[in-house]
1. With +1 on each Lys and Arg Cβ and -1 on each Asp and Glu Cβ, and nothing else charged, work out how big the dipole of the stretch 1-122 is about its Cα centre, in Debye to the nearest 20.
2. Mind running the shape call on the stretch 51-99? Use the C-alpha gyration tensor, a ≥ b ≥ c as the square roots of the eigenvalues: rounded below 1.5 for a/c, prolate if a/b tops b/c, oblate otherwise.
3. Rounded to the nearest 20 Debye, what is the dipole magnitude of the stretch 55-155 about its Cα centre when Lys and Arg each give +1 and Asp and Glu each give -1 at the C-beta?
4. When a/c reaches 1.5 or more, the comparison of a/b and b/c decides; with that in mind, is the stretch 131-221 rounded, prolate or oblate per its Cα gyration tensor?
5. Scan around LEU114 for amide H atoms under 5 Å from its own, H built in the peptide plane at 1.01 Å from N, and keep only partners 5 or more places away or cross-chain.
6. As I understand it, the dipole of the chain uses +1 on the Cβ of Lys and Arg and -1 on the Cβ of Asp and Glu, about the Cα centre. Which of GLY213, ALA123, VAL160 lies farthest toward its positive end?
7. With Cβ to Cβ distances under 13 Å as the rule, what net charge do the other residues near LEU216 carry (K, R +1; D, E -1)?
8. So, for the stretch 98-141, what is the accessible surface per residue at a probe of 1.4 Å, expressed in square angstrom?
Amino acid sequence: MISPTGLPTALASLDRTLVMGILNVTPDSFSDGGRWAHADAAVDHAIRLHADGADLVDVGGESTRPGAVRISADEELSRVGPVVIELSRRGIPVSIDTMRADVAAECVAAGACLVNDVSGGMADPEMLPWLATTTVPYVAMHWRGPSAVMDDLAVYDDVVADVTDELGARLATLAAAGVDPGRVIVDPGLGFAKRAEHNWALLRSMDVLAQLGRPLLIGASRKRFLGELLAEPDGTVRPMDRREAAGDAVATLAAFAGAWGVRVHEVAAIKDAAMVARVWRGRS
Ligand code: PMM
């Protein structure tokens, strides 16, 4: 399993897929909006994710659901800052899910060990210059535009080739800005400017994405394309709270296919699945 440089030793030496537990400190995320909006509830939930075996807790303060309107940097920081500080104080490894350099900088200073940027540095012109001043590992997700308009941007000639090329171009832009690609993890961004058939095509082609030579992160948990797959005969999409098993299946298959990490809401089953995938792939 390739690991990005700059991770804490305990995470850098994993020989199985890393499990990233999702903590959305938001009133409106599509998957768990409002549940962990208060710092105390968020910290309690993160402690549970960690106890369940999460290698990292991914803390986000801004919803990226389709159509979401952006919040201010101050608002975002007031949501995530206290949580990142408290989790770091407790020794729980944290990644910060943000598109903003200022928020990333504050959270890394507070102890976050990875920056997860769904925009791959495209949303904030300060992100790449700031990253170049640090050594923190960085997730560059495939992104075509803000959540408010992303559904209109789901147009591809060949989604696998297009996403691979666009991620390759981001790696080149990061390198030109002084960010060592050896620190960068790439993510195809399931559901971001992608319809169901795009997501499935990308999952089927993880070997093509892997040719970028970087670790892959996959986030499918509770996403709409799973609800569409499991729709009722009358077309009613399976609701969020009944997509867990399908999300577990995707995370397990992604682990078997060699993903560096999977981003999930419920950790325990996937942690076990990552161990199974490791031995299935031939490691004792
Ligand atoms: N998906 C969401 C948020 N952040 N980050 C990465 N790297 N990859 C993803 O697929 C991703 C992400 C949206 O899902 P959520 O509302 O369940 O957090």
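1. Roughly 160 debye for the stretch 1-122.
2. Values: a/c = 3.50, a/b = 1.66, b/c = 2.11.
It comes out oblate by the Cα gyration axes.
3. Values: 7 positive and 15 negative charges, 33 e Å.
The calculation lands at about 160 debye.
4. Details: a/c = 1.95, a/b = 1.55, b/c = 1.25.
Prolate.
5. Counting only residues 5 or more places away or on other chains, the set is ILE96.
6. Result: GLY213.
7. Working: positive: ARG214, ARG263; negative: ASP187, ASP207.
Result for the local shell: 0.
8. Numbers: 1390 Å² over 44 residues.
Accessible area per residue: 32 Å².
The values are calculated or read from the model by the stated rules, or taken from the named source; none is laboratory data. These numbers come from a predicted model, not from an experiment. Positions of Cβ are backbone-derived with ideal geometry, glycine not excepted, and every protein chain shown enters the neighbour counts. Just so you know, the surface numbers come from the protein's heavy atoms only, side chains and all, with ligands and any DNA or RNA stripped out. Shrake-Rupley method; radii C 1.70, N 1.55, O 1.52, S 1.80 Å.
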